[in-house]
Amino acid sequence: MDIASTKEMLLDAKKRKYAIPAFNIHNLETMQGVLEAANELNSPVIIATTPGTVSYAGADYLIAMAKVAARRYNIPIALHLDHCSDIDILKGCIEAGYKSVMIDASLKDYEENIRITKEAVAFAQSYNVTVEAELGLVSGQEEERKVDEKDNVLTDPFMAVDFVEKTKIDSLAVAIGTAHGVYRAEPKLDFERLTKINSVVTIPLVLHGASGVPAKSVIRAIENGICKVNIATELKMPFANAIKEYFQKNPDASDPRYYLVPAKEALKKVAIEKIQICNSVNRG
Ligand SMILES: [Zn+2]
């Protein structure tokens, strides 16, 4: 198979009320861990890379890895550019071969968010690329994107309708009480708001900051219109912890083919749990 389209994935998820897990990866091993989990559960999967990951590994390298993976595994695998606020980086990734992108101008004011998102959609259309955008402001920290908790702005349902109509995006990231990074207290999701948004917005909805959100809340969010669940922090931590543990036990180790194996397994275990929560098992 070739790299899959997130548009088709998300529309199927919306129709059949499950969610596509979108996992942030950073290198070969994190990608392998995620894909082995998805393959074992026969689940469609989105490989998400932030602009930071693109600058770290190179868009061409990431696309090549995703292409190899799509050939190797018999499940739909998509590659997605996550949280891109720089239109030039976004255009560069599309030119390099990305088929799914998120333009994130949610830090700008409403009119500016619309203008930048429209520019991204216009460019993406000529390449048949799917575009996600965000309205409202998911707080917390994702790489260089920092939003203080007090600046958290939940998505207004009627603004969401206007935003989707004006920008013609394919999917909408909503702010309903989740945050990026690690939660200090259990997050309370605004399900009433989500249900309202889902009743007036027809395109698939996306949940950011799902790491650390209790499974029951994620499941309820999926029942109420969430079609894509983003997981980053919850994969990074077990991966790093397993490496630390390995070096504590084996201080003289130097071979990545050994010390990265338990890290990959730890990440894979979490990915399996998340796929089950998304109810995307056997949807491949
Ligand atoms: Zn996010």
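The values are calculated or read from the model by the stated rules, or taken from the named source; none is laboratory data. Small disclaimer: the values here were computed from a predicted structure and weren't measured. Positions of Cβ are generated from backbone atoms using ideal geometry, with glycine treated the same way; all protein chains shown enter the neighbour counts. These area figures cover heavy atoms from the full protein model, side chains too; ligands, DNA and RNA do not enter into them. Shrake-Rupley method; radii C 1.70, N 1.55, O 1.52, S 1.80 Å.
DSSP beta bridges in region 139-238, what fraction antiparallel, as a percent rounded to 5?
Working: 3 of 11 bridges.
Expressed as a percentage, antiparallel bridges in region 139-238 total about 25.
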Portion, in percent, of the accessible area of the chain that falls on carbon or sulfur, probe 1.4 Å: 51 percent
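Using alpha carbon coordinates only, what is the Rg to Rh ratio of region 33-140, with Rh defined as the Kirkwood radius?
With Rg and the Kirkwood Rh in hand, the quotient comes to 1.00.
Let me know the longest stretch in the chain that avoids all trypsin sites (Lys or Arg not before Pro) found in a DSSP loop with at most 15 other C-beta atoms within 10 Å. Intermediate values should be presented prior to the final figure.
On the way: sites that count: K17, K108, K168, R184, K188.
Longest run free of exposed loop sites: 189-284.
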Positive-pole candidate from N230, T202, P214, dipole of region 165-284, charges at beta carbon: T202
Accessible area in square angstrom per residue, region 6-278, 1.4 angstrom probe: 45 Å²
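How large is the dipole of region 6-278 about the Cα centre if only Lys and Arg carry +1 and Asp and Glu carry -1, each at its Cβ, rounded to the nearest 20 debye?
Details: 33 positive and 37 negative charges, 174 e Å.
It works out to roughly 840 debye.
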Solvent-accessible ranking of I87, I197, largest area first, probe 1.4 Å: I87, I197
Relative contact order %, the chain, counting alpha carbon pairs below 8 Å whose residues are six or more apart: 23 percent
Those GluC sites (Glu not before Pro) in region 91-161 that DSSP places in a loop and that have at most 11 other beta carbons within 10 Å: E144
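Taking Rh as the Kirkwood radius, which is the inverse of the mean 1/r over Cα pairs, what is the Rg/Rh value for region 139-278?
On the way: Rg = 18.1 Å, Rh = 16.8 Å.
That ratio is 1.08, to two decimals.
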Percent of Cα pairs exceeding the 26 Å cut-off, where the set is region 6-278: 38 percent
Residues of type lysines that K268 reaches as a straight line, Cα spacing below 22 Å, ignoring anything fewer than 8 places off in the same chain: K67, K216, K228, K236, K244, K249
DSSP beta bridges in the chain [antiparallel fraction, %, rounded to 5]: 10 percent
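Using the Cα centre of region 139-284 as the reference point, and only Cβ charges (+1 on K/R, -1 on D/E), how large is the resulting charge dipole? Debye, rounded to the nearest 20. Intermediate results must be reported in sequence, preceding the final value.
Details: 21 positive and 20 negative charges, 80 e Å.
The dipole magnitude comes to about 380 debye.
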Helical mean residue ellipticity (222 nm; -39500 (n - 2.57) per DSSP H run of 4+; nearest 500) of the chain: -15000 deg cm²/dmol
In Hz, Karplus ³J(HN,Hα) per residue of region 150-156 (6.51, -1.76, 1.60; θ = phi - 60°; x = Gly, Pro): 5, 9, 4, 10, 6, 6, 8
For the chain, built as a Gaussian network whose Cα springs stay under 10 Å, the top-fluctuating residue of T202, T130, T30: T202
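Calculate the dipole size of region 44-172 relative to its Cα centre from +1 charges on Lys and Arg beta carbons and -1 charges on Asp and Glu beta carbons; express the result in debye to the nearest 20. Write out the running numbers ahead of the final one.
Details: 13 positive and 22 negative charges, 151 e Å.
Here region 44-172 has a charge dipole of around 720 debye.
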